[in-house]
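The values are calculated or read from the model by the stated rules, or taken from the named source; none is laboratory data. This one's a predicted model, so the numbers in the text were calculated from it and none came from an experiment. When the accessible area is computed, the model is the full protein with side chains, heavy atoms only, and any ligands, DNA or RNA have been set aside. Shrake-Rupley method; radii C 1.70, N 1.55, O 1.52, S 1.80 Å.
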Amino acid sequence: MVRRCDLCGAELPRGEWLAVRYACLTSCVPILQGQHLKSMHRSFYSIASKRAKLVTYTSGSLFLIAAFGLVTGFGIIAVSFFLGAMSILAMGTLYRSRLLKTHRCG
């Protein structure tokens, strides 16, 4: 399977393709290097990494609070924070897809 950059169409290895598609893997949790993303699509990377950090850390915090609420027996609080975290992730996914569309070359 040939993986192509969602922005410019260049053929990429799996790690670089994931870095372009999910900027949080390079900026928030530095699992991937994302050299193609950083060198070829700097404007996209700067915008995406700012939003990715906000979404990742906010949803992660809400998930932790939900887990704490579940462990301590506050089910209503746990469900509320879980739904909040899921909403943030859904909004982040919509923003990511819009950002990819607006920065696509050609």
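Values computed for the structure shown
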item	result
Cα-Cα P(r), segment 53-106, percent of pairs per 5 Å interval	4, 22, 21, 16, 13, 9, 7, 4, 3, 1, 0
Helix runs (DSSP H) in the chain reaching 24 Å along axis by Cα, Kyte-Doolittle at least -1.0	42-72, 75-103
Nearest-10 value in Å² for the accessible area of Phe63, using the 1.4 Å probe	70 Å²
Residue order for Val71, Val2 - accessible surface, 1.4 angstrom probe, largest first	Val71, Val2
Rounded to the nearest 10 Å², the accessible area of Met40 at probe 1.4 Å	120 Å²
Cα-Cα P(r), segment 8-78, percent of pairs per 10 Å interval	20, 38, 20, 15, 7, 0
The chain, accessible surface, carbon-and-sulfur percent (1.4 angstrom probe)	67 percent
Whole-number accessible area per residue in Å² for the chain, which is evaluated in the context of all protein chains at 1.4 Å	64 Å²
